[in-house]
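Asks: Let me give you the structure first, and then I'll get to my questions.
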Amino acid sequence: MLVLLLVVFVNFVGIGALIPVLPYTVIETLGLSATTMTLLLASFAFAMFLSNPLLGRLSDHVGRRPVLIFSLMVNVLAHIWFALSTDIVQMFAARILAGLAAGNTGVIQAMIADRVNPGERARFMGLFGAAIGTGFVAGPALGGLFSGLGEGPLHQAPFLLAAGFGTIALLLSLRLNERATKATASIAAKTLLRDRIKIVFRSELALYTLAFFCLNLSFAQVEASYVLLLRDYLGFGATKTGWLFTYIGLCIILVQSVLINVAVRRFGEVGTVAFGASLLAIGQGLTVLMSMGFMAGANYPLVQIVTTTTAVCFGFGFSNPALSAAASNAAGKDTMGGALGTVQGFASLGQVGGLVLAGPLYQLGGAHFPFGFGMCITLLLLVVMILLKRRPAMQPQYRQP
């Protein structure tokens, strides 16, 4: 289990390392727009959308371990390529390749679910989320702190370091034992991807898929616009941005490794998602007020940023692992890789849509446009969770025909 969590950590180190240096690499060094910057982020997420269901399905057929090992090899190569890239075309190509490799998220979730009882999944999905948070601690911190090392571009040293982490994860993954269920592999192999998607949307997983889509569509506004907000509102550079993202990661770790268990016992998995979504919407709403000058404490902008950031991070920290646990319980065990891969694929699609929109929205009118849009989507997520909360408890509904 430790190796699986390390793999998640490595994936998100690679994602996070780019965030604090992106405005300075793309906008200031290359002279391109904020829209191009967010499209670079979106290219990674779109590749994840394409590969998540495919890798999940493949893992049902040939096993989780070989798929995981291959994706980690590609991940390392993609980080090295990005580190050595100096023009935007190569950067896009390297990030797309890295996104295809990072589509192993659904496979990793399935491997965790293969190894634990349904009653323990919320706790382990919380650790899964904590590994994501740790990646967001290390990634932006390393991206900011190592951006000035060497004579190459700002992103070179952080991504060479990320490639080093990826190599360590690859070596450790070679020691993993295969525990995935392959009882229905022959059936899964005959099921087309479009049929798998139809099955998901006709099952109880349909609402979970919509919820993942909304959560990632909403939070992508934060991912893409937050670093621009720090640059324009506080005048932060890459290093200071990295330190604030370290605080974000620490908040997510605290929630997903400690507080998530308390929340699930109190509210249940679906109720915890609704609680987290409420905090996320509050944080996004406060950010809108702050960017428009209507939030109290205008003389203390750093305090304002920390307050809104805390609400957003706690909200996402509660929502994401609880939603993963609930979805894994609704999926059939024998085809869990394909099911969760499809669900995570639509989560990535939501992230793509959010990142594509975030840049133009920010250019249109500042931070209150993308954060306001994100708040509206979060409120839609709340509606979805209310519908799920009102549904009677059901046995797993995802099955192959």
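Asks: For residue 57, indicate whether it is modelled with pLDDT of 85 or more and either in a helix (DSSP H, G or I) or surrounded by fewer than 20 Cβ atoms within 10 Å (Cβ to Cβ) (or both). Before you say what the answer is, go through the steps one by one.
Replies: Working: modelled with pLDDT of 85 or more: no; either in a helix (DSSP H, G or I) or surrounded by fewer than 20 Cβ atoms within 10 Å (Cβ to Cβ) (or both): yes.
No.
Asks: What are the residue pairs meeting all of these: first residue in the stretch 357-382, first residue assigned to a loop (DSSP other than H, G, I, E, B), second residue surrounded by 19 or more Cβ atoms within 10 Å (Cβ to Cβ) and among the small types (Gly, Ala, Ser), Cβ atoms under 9 Å, and 6 or more apart or on different chains?
Replies: Between residues of the stretch 357-382 that are assigned to a loop (DSSP other than H, G, I, E, B) and residues that are surrounded by 19 or more Cβ atoms within 10 Å (Cβ to Cβ) and among the small types (Gly, Ala, Ser), the close pairs are 366/291; 367/225; 367/291.
Asks: Now for a separate question. Determine whether the stretch 278-294 contains at least one residue that is more than 17 Å from residue 374 (Cα to Cα), surrounded by 16 or more Cβ atoms within 10 Å (Cβ to Cβ) and not basic (Lys, Arg).
Replies: Keep residues of the stretch 278-294 that are more than 17 Å from residue 374 (Cα to Cα), which gives 293-294.
This time we only want the ones that are surrounded by 16 or more Cβ atoms within 10 Å (Cβ to Cβ), so: none.
No, there is no match, as no residue in the stretch 278-294 is more than 17 Å from residue 374 (Cα to Cα), surrounded by 16 or more Cβ atoms within 10 Å (Cβ to Cβ) and not basic (Lys, Arg).
Asks: Consider residue 201 against the criteria (1) modelled with pLDDT under 85; (2) under 21 Å from residue 358 (Cβ atoms): it satisfies all of them except one. Which criterion is unmet?
Replies: Among (1) modelled with pLDDT under 85; (2) under 21 Å from residue 358 (Cβ atoms), the lone unmet condition for residue 201 is (2).
Asks: Restricting the stretch 84-96 to residues that are part of a helix (DSSP H, G or I) and of a type outside the set (Phe, Trp, Tyr), which is nearest to residue 14 (Cα to Cα)? Give the derivation first.
Replies: In the first step, residues of the stretch 84-96 are kept if they are part of a helix (DSSP H, G or I); the result is 88-96.
From the residues that got through so far, the ones that are of a type outside the set (Phe, Trp, Tyr) too are 88-91, 93-96.
Working: 88: 18, 89: 19, 90: 16, 91: 13, 93: 15, 94: 12, 95: 10, 96: 12 Å.
Across the stretch 84-96, the extreme among qualifying residues is 95.
Asks: While we're looking at this one, here's another question. For the stretch 16-46, name all the residues that are farther than 18 Å from residue 237 by Cβ, in a helix (DSSP H, G or I) and in contact (Cβ under 8 Å) with a residue 60 or more places away in the chain.
Replies: Matches in the stretch 16-46: 35, 36, 38, 39, 41, 42, 45, 46.
Asks: Then there's this: Modelled with pLDDT of 80 or more, over 18 Å from residue 60 (Cβ atoms) and surrounded by 24 or more Cβ atoms within 10 Å (Cβ to Cβ): is that true of residue 311 in this structure? I'd like the intermediate steps shown before the answer.
Replies: Working: modelled with pLDDT of 80 or more: yes; over 18 Å from residue 60 (Cβ atoms): yes; surrounded by 24 or more Cβ atoms within 10 Å (Cβ to Cβ): no.
The answer is no for residue 311.
Asks: Go through the stretch 9-64 residue by residue and tally those that are under 23 Å from residue 346 (Cβ atoms) and polar (S, T, N, Q).
Replies: Matching residues across the stretch 9-64 total 6.
Asks: Further question: If you check 99, 106, which single one turns out to be assigned to a helix (DSSP H, G or I), more than 22 Å from residue 37 (Cβ to Cβ) and within 18 Å of the chain's Cα centre (by Cα)?
Replies: Details: 99 fails: more than 22 Å from residue 37 (Cβ to Cβ).
Answer to the check: 106.
Asks: Also, I was wondering about something else. Answer yes or no: is there a residue in the stretch 215-234 that is outside any helix (DSSP H, G or I) and either at pLDDT below 75 or surrounded by fewer than 21 Cβ atoms within 10 Å (Cβ to Cβ) (or both). Quick ask: steps written out before the conclusion?
Replies: Within the stretch 215-234, the subset outside any helix (DSSP H, G or I) is none.
Within the stretch 215-234 (the criterion being outside any helix (DSSP H, G or I) and either at pLDDT below 75 or surrounded by fewer than 21 Cβ atoms within 10 Å (Cβ to Cβ) (or both)), the answer is no, since none of the residues qualifies.
Asks: Same structure, new question: Any residue in the stretch 296-307 that is touching a residue at least 24 places away in the same chain (Cβ under 8 Å), hydroxyl-bearing (Ser, Thr, Tyr) and outside any loop (DSSP other than H, G, I, E, B)? Full working, then the answer.
Replies: Our first condition is that a residue be touching a residue at least 24 places away in the same chain (Cβ under 8 Å); within the stretch 296-307, this holds for 301-302, 305-306.
From what is left, the residues that are hydroxyl-bearing (Ser, Thr, Tyr) are none.
Looking for residues that are touching a residue at least 24 places away in the same chain (Cβ under 8 Å), hydroxyl-bearing (Ser, Thr, Tyr) and outside any loop (DSSP other than H, G, I, E, B), one finds none in the stretch 296-307, hence no.
Asks: Report yes if residue 21 is of a type outside the set (Lys, Arg) and either on the phi > 0 side of the Ramachandran plot or over 17 Å from the mean Cα position of the chain (by Cα) (or both), otherwise no.
Replies: Working: of a type outside the set (Lys, Arg): yes; either on the phi > 0 side of the Ramachandran plot or over 17 Å from the mean Cα position of the chain (by Cα) (or both): yes.
Here the answer is yes, as residue 21 does meet what is asked.
Asks: For the stretch 240-275, name all the residues that are closer than 23 Å to residue 39 by Cα and of a type in the set (Ser, Thr, Tyr).
Replies: If the condition is that a residue be closer than 23 Å to residue 39 by Cα and of a type in the set (Ser, Thr, Tyr), then 241 is the only one that fits.
Asks: Residue under question is residue 106, and the condition is that it be free of Cβ contacts under 8 Å to residues at least 12 places away in the same chain and more than 22 Å from residue 222 (Cβ to Cβ); does it hold?
Replies: On the way: free of Cβ contacts under 8 Å to residues at least 12 places away in the same chain: no; more than 22 Å from residue 222 (Cβ to Cβ): yes.
Spelling it out, it is not the case that residue 106 is free of Cβ contacts under 8 Å to residues at least 12 places away in the same chain and more than 22 Å from residue 222 (Cβ to Cβ).
To keep it simple, each residue is scored yes or no on (1) modelled with pLDDT of 65 or more; (2) small (Gly, Ala, Ser).
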| site | (1), (2) |
| --- | --- |
| 136 | yes, no |
| 140 | yes, no |
| 148 | yes, yes |
| 151 | yes, no |
| 160 | yes, no |
| 167 | yes, no |
| 170 | yes, no |
| 190 | no, no |
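The values are calculated or read from the model by the stated rules, or taken from the named source; none is laboratory data. In this text the structure is predicted, and so the values were computed from the model without any measurement. Ideal geometry is used to build each Cβ from the backbone, glycine not excepted, and the neighbour counts take in all protein chains shown.
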